[in-house]
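The values are calculated or read from the model by the stated rules, or taken from the named source; none is laboratory data. If you're wondering where the values come from, they're calculated on a predicted model, not measured in any experiment. Glycine gets a Cβ as well: all are built from the backbone with ideal geometry, and neighbour counts include every protein chain shown. Accessible surface areas use protein heavy atoms only, side chains included; no ligands, DNA or RNA. Shrake-Rupley method; radii C 1.70, N 1.55, O 1.52, S 1.80 Å.
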Amino acid sequence: MSEEFFENPYPYYQYLLDHAPVAWSEKVQGWLVSPFDDVQAGLQDSTAFGSGGRIDEAAQALSQEAREENAPALACLNAMMSFRDAPDHTRLRRLVSKAFTARRVVSFEPRIQEIVDELLDAWPTSGEFDLVTSFSFPLPAMVICRMLGIPDQRLDDINRWADGIVQLLSAGVMTEHAARDARASVVEATNYLNGLIEEKRSAPGDDLLSALVVLEEEEEALSRDELIAMIIQLFFAGFETTEGLIGNALSILLSQPGDFRSLSGDQKFAELTTEEVLRFDNSIQRQTRVAREDVTVQKVVIPKGSYVFFLIGAANRDPRRFYEPDSFNPLRGDLGNVAFGHGAHFCLGAPLARLETRIALQSIAERFPRLQIADRPTYGSLLAVRKPKRLMLGNA
């Protein structure tokens with residue numbers, strides 16, 4: 001939880017892998033699991049490790065008064081698909097999964113390219129500029145907003161609401177300050193979305209939100225609370241992770257000019273590079289679960305009811321799974337990762353995140369072959385999400 005850790009967590013992950021593959025952390029009041037095989041198996045095993053109850057368990061860090069005061073935020077999080085177990089998770093995932101089929105995502109490629117080109121057209125040809133504000137945030141935010149049918153004019157609001165929620169979800173420990181910010185975000189977003197839902201009901205469009213509104217009226221449908229929670233989850237999951245992935249990718253690739261130049265005109269290499277970024281420096285660093293029973297992992301007994309941190313960032317650098325794991329190599333023969341999770345909760349948006357990142361990296365390399373890092377990136381203090389808060393670039 002130190003500044004040094006958030007700037008570069010990988011030496012700490014290596015220590016865990018070498019000396020404490022399953023370890024109790026007082027700071028986050030949970031078990032840290034780091035080896036690749038154990039992370040993959042734990043995320044797969046929804047019987048031993050549940051998703052439901054994670055918010056209530058994490059909220060134990062708050063006082064009773066704070067839990068009551070910020071009940072709207074906690075209730076919204078509890079209603080999200082990511083924090084539900086079967087059969088609710090199965091029902092919600094089935095309802096929304098049609099929007100993220102491979103065919104539907106591929107059909108969105110021309111619109112993604114159009115947004116990428118629009119943003120890159122605005123880049124300066126000289127001087128320094130920030131990747132985050134000029135590209136890595138607006139690209140995925142514009143994509144998910146247009147998929148949902150939310151006007152671009154609301155991007156700043158979406159960013160503010162998402163940050164308020166992510167600061168609560170992705171920190172090591174819930175704090176009262178973060179809970180208050182999340183409550184304000186949830187209340188404001190709910191008020192806006194209730195109005196937008198009624199607009200879509202009266203005049204549906206060719207967008208995901210209109211399709212979800214129809215589901216309110218079907219058997220086993222989304223309740224209004226579930227619909228609001230689903231939309232909020234989609235817009236923060238839809239850009240927070242991809243924003244970080246693009247930022248992390250550029251910070252790596254611009255320090256390896258050969259790989260950066262190779263992206264130009266080579267879609268296959270861009271796809272392989274995206275996969276290696278997912279392994280080497282993924283934007284999602286951990287997923288949490290609650291032990292439903294006493295579980296033995298690496299000869300360590302994790303007691304029933306314990307909060308468990310499956311460290312994706314560590315698993316993807318496990319030397320037992322990857323050759324020279326600390327080397328960035330898009331052409332490695334052991335590509336693979338748990339960047340998007342595993343099992344029933346595997347990320348629905350994985351094809352979209354891969355597509356956006358591949359198009360972004362290839363387009364930047366083709367149009368700005370002399371791009372350089374002007375200043376080292378700065379990072380926030382989120383345990384779950386690793387992304388540059390600021391990454392200054394310039395053209396040589």
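Please work out the average accessible area per residue across the chain, using the 1.4 Å probe convention, and give it in Å².
Dividing the accessible area of the chain by its residue count gives 42 Å².
Arrange the residues TRP24, TRP161, TRP31 by how much accessible surface each exposes, largest first, with a 1.4 angstrom probe.
On the way: TRP24 105, TRP161 0, TRP31 40 Å².
Reading off the accessible areas and sorting them downward yields TRP24, TRP31, TRP161.
Could you calculate the contour length gain from SER202 to LEU155, that is, 0.36 nm times the residue separation minus the distance between their Cα atoms, to one decimal place in nm?
Gain in length upon complete extension: 14.6 nm.
Determine the distance separating the Cα centre of the stretch 31-59 from the Cα centre of the stretch 82-131; give it in Å without decimals.
One Cα centre to the other: 26 Å.
From the backbone phi of the stretch 236-253, what are the Karplus-calculated ³J(HN,Hα) couplings (6.51 cos²θ - 1.76 cosθ + 1.60, θ = phi - 60°) in whole Hz, Gly and Pro given as x?
Rounded to whole hertz, the list is 8, 6, x, 10, 4, 6, 5, 4, x, 5, 5, x, 5, 4, 5, 5, 6, 5.
Show the residues, 5+ positions off or on another chain, whose built amide H is closer than 5 Å to the amide H of TYR379.
LYS389
Tell me, in nm to one decimal, what length is gained between LEU331 and GLU26 on full extension, where the rule is 0.36 nm per residue of separation less the Cα-Cα distance?
105.9 nm
Can you list the aspartates and glutamates whose alpha carbon is less than 18 Å from that of LYS304, not counting same-chain residues fewer than 8 positions off?
By straight Cα distance, LYS304 reaches GLU26, ASP38, ASP45, ASP56, GLU57, ASP85, GLU293, ASP294.
Run the dipole for the chain about the Cα centre, Lys and Arg Cβ at +1, Asp and Glu Cβ at -1, nothing else charged, and hand back the magnitude in debye, nearest 20. All intermediate terms of the calculation are to be shown ahead of the outcome.
Working: 40 positive and 57 negative charges, 135 e Å.
Dipole of the chain, to the nearest 20 debye: 640 debye.
What is the spin-label model distance, in nm, from GLU114 to ALA75 if the labels are put 7 Å beyond Cα along the C-beta direction?
4.0 nm
For the stretch 83-242, give the magnitude of the charge dipole about the Cα centre (Cβ charges: +1 Lys/Arg, -1 Asp/Glu; no others), in debye to the nearest 20. Numbers along the way, then the final one.
Numbers: 16 positive and 28 negative charges, 88 e Å.
So the magnitude is around 420 debye.
If the reach is capped at under 28 angstrom between alpha carbons, list the lysines near LYS98, excluding any in the same chain fewer than eight residues apart.
Partners found: LYS200, LYS268.
From the phi of every residue in the stretch 55-60, what ³J(HN,Hα) in whole Hz does the Karplus formula 6.51 cos²θ - 1.76 cosθ + 1.60 yield, where θ is phi - 60° and glycine or proline is x?
Karplus values, whole Hz, x for Gly and Pro: 5, 5, 5, 5, 6, 5.
Hey, what number do you get for the chain at 222 nm if only DSSP H runs of n ≥ 4 count, each worth -39500 (n - 2.57), divided across all residues, to the nearest 500?
Computed ellipticity for the chain at 222 nm equals -16000 deg cm²/dmol.
When a/c is below 1.5 the answer is rounded, else prolate if a/b is larger than b/c, else oblate, so apply that to the stretch 75-170 with a ≥ b ≥ c taken from the square roots of the Cα gyration tensor eigenvalues.
Because a/c hits 1.5 or more and a/b fails to exceed b/c, the stretch 75-170 counts as oblate.
For the chain, restrict the atom set to alpha-carbon positions and state the Rg and Dmax in Å.
Spelled out, the Cα radius of gyration and Dmax of the chain are 20.5, 60 Å.
Suppose R0 equals 35 Å. What FRET efficiency, 1/(1 + (r/R0)^6) with r the Cβ-Cβ distance, do ASN395 and TYR10 give to the nearest 0.05?
On the way: r = 30 Å, r/R0 = 0.84.
The pair ASN395/TYR10 has a calculated efficiency of 0.75.
Taking amide H atoms as placed 1.01 Å from N in the peptide plane, list the residues 5 or more away in sequence, or in a different chain, whose amide H sits under 5 Å from that of ALA374.
MET392, LEU393, GLY394
I'd like the Karplus ³J(HN,Hα) series for the stretch 150-164: coefficients 6.51, -1.76, 1.60, θ = phi - 60°, whole numbers in Hz, and an x wherever there's a Gly or Pro.
9, x, 4, 4, 8, 4, 5, 5, 4, 4, 5, 5, 4, 4, x
For the stretch 287-330, state which chymotrypsin sites (Phe, Trp or Tyr not before Pro) are in a DSSP loop and have at most 16 other beta carbons lying within 10 Å of their beta carbon.
Working: sites: TYR307, PHE309, PHE310, PHE322, TYR323, PHE328; in loops: PHE322, TYR323, PHE328.
In loop regions of the stretch 287-330 (DSSP not H, G, I, E or B), the sparsely surrounded chymotrypsin sites (Phe, Trp or Tyr not before Pro) are TYR323.
Along the Cα→Cβ direction, 7 angstrom out, place labels at GLU3 and ARG104. What is the inter-label distance in nm?
Spacing of the two 7 Å Cα→Cβ label points: 4.5 nm.
Once amide H atoms are built 1.01 Å from N in the peptide plane, which residues 5 or more positions from TRP24, or in another chain, come under 5 Å H to H?
LEU32
Given an 8 Å cut-off on Cα distances and at least 6 residues of separation, report the relative contact order of the stretch 38-111 as a percent.
27 percent
Over the stretch 36-174, what percent of the accessible surface lies on carbon and sulfur atoms, probe 1.4 Å?
Answer for the stretch 36-174 is 49 percent, counting heavy atoms of protein chains only.
Gain in length, ASN194 to ASP37, computed as 0.36 nm per residue apart minus the alpha-carbon separation, to one decimal in nm?
Contour length minus Cα-Cα distance gives 52.2 nm.
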